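Peer 1: My questions will all concern the structure given below.
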């Protein structure tokens, strides 16, 4: 599998009077998809957070959040043009697409919860969106690991293998801490038992979860950029 992908990029690097148009098209789609995911991840995080809590996005309704999530789905669609015959790669990519569509379906609840924050159903839907987004990020790391295994760069393969494992453990820990944090917020007995310490733990838990969510996001973006650079260097040669 690795040799096959390596041959593809190697062939693209060798001057040929009649280059393989299908190969160049698939590599172009791969780089566009990686770029869309790189820019779409922070855009989706910022815009969805602002849709949930800010007033200045209300006149635009759901359009910014849907556009940001649509950029992620577009990136995944572009990745699908590469190595269509590899089943593990296709399976991971299809799971990521499905989770992206789930996030797309939960997205309207961000806007509705902003307009009606007292509705518990909307609050629960937003929590489900957060959980789905974490699972999506988890599976995106699986996609990157499968992609790195198909490319001929040994350094990229080692970095992808190491950091995707680290990212997935961070995301599992983040889900467990988030669940404990939500239970703590809804537990009146713990709030009363801790007294004034409860407010301090509430703020500490929020910032801890924020930091832990940004770390795997940053590592995933770094892997996306590194993979894109490897593909471009394989096609056009190192800078």
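The values are calculated or read from the model by the stated rules, or taken from the named source; none is laboratory data. None of the values given here were measured: they were computed from a predicted structure. A quick note on method: Cβ atoms are made from the backbone with ideal geometry, for glycine too, and the neighbour counts reach across all protein chains shown.
Peer 1: Search segment 61-81 for residues that are farther than 17 Å from residue 45 by Cβ and pair each with any residue that is modelled with pLDDT under 90 and surrounded by fewer than 18 Cβ atoms within 10 Å (Cβ to Cβ) when their beta-carbon atoms are under 6 Å apart and the residues are at least 6 apart or on different chains.
Peer 2: 78/29; 81/29
Peer 1: Report yes if residue 23 is at pLDDT 90 or above and in a helix (DSSP H, G or I), otherwise no.
Peer 2: no
Peer 1: Residue 39 is checked against (1) surrounded by fewer than 21 Cβ atoms within 10 Å (Cβ to Cβ); (2) more than 18 Å from residue 223 (Cα to Cα); (3) touching a residue at least 12 places away in the same chain (Cβ under 8 Å) and fails just one. What number does that condition carry?
Peer 2: Every condition holds for residue 39 apart from (2).
Peer 1: Quickly run through segment 75-88 and pick out the residues that are surrounded by 17 or more Cβ atoms within 10 Å (Cβ to Cβ) and either modelled with pLDDT of 90 or more or more than 17 Å from residue 29 (Cβ to Cβ) (or both).
Peer 2: 75, 76, 78, 79
Peer 1: Filter segment 95-132 for residues that are surrounded by fewer than 15 Cβ atoms within 10 Å (Cβ to Cβ) and assigned to a loop (DSSP other than H, G, I, E, B) and give the result.
Peer 2: 116, 117, 118, 119
Peer 1: Moving on to the next point. Test residue 157 against the stated conditions and say whether it is closer than 30 Å to residue 230 by Cβ, out of contact with any helix residue (DSSP H, G or I) (no Cβ under 9 Å at 6 or more places or on another chain) and modelled with pLDDT under 90.
Peer 2: Here the answer is no, as residue 157 does not meet what is asked.
Peer 1: From the set of residues in segment 170-180 that are surrounded by fewer than 17 Cβ atoms within 10 Å (Cβ to Cβ) and farther than 11 Å from residue 131 by Cα, which is modelled with the lowest pLDDT?
Peer 2: 180
Conditions (1) part of a helix (DSSP H, G or I); (2) out of contact with any helix residue (DSSP H, G or I) (no Cβ under 9 Å at 6 or more places or on another chain); (3) more than 17 Å from residue 96 (Cα to Cα), marked per residue:
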| residue | (1), (2), (3) |
| --- | --- |
| 36 | yes, no, no |
| 41 | yes, no, no |
| 46 | yes, no, yes |
| 50 | yes, no, yes |
| 65 | yes, no, yes |
| 70 | yes, no, no |
| 81 | no, no, no |
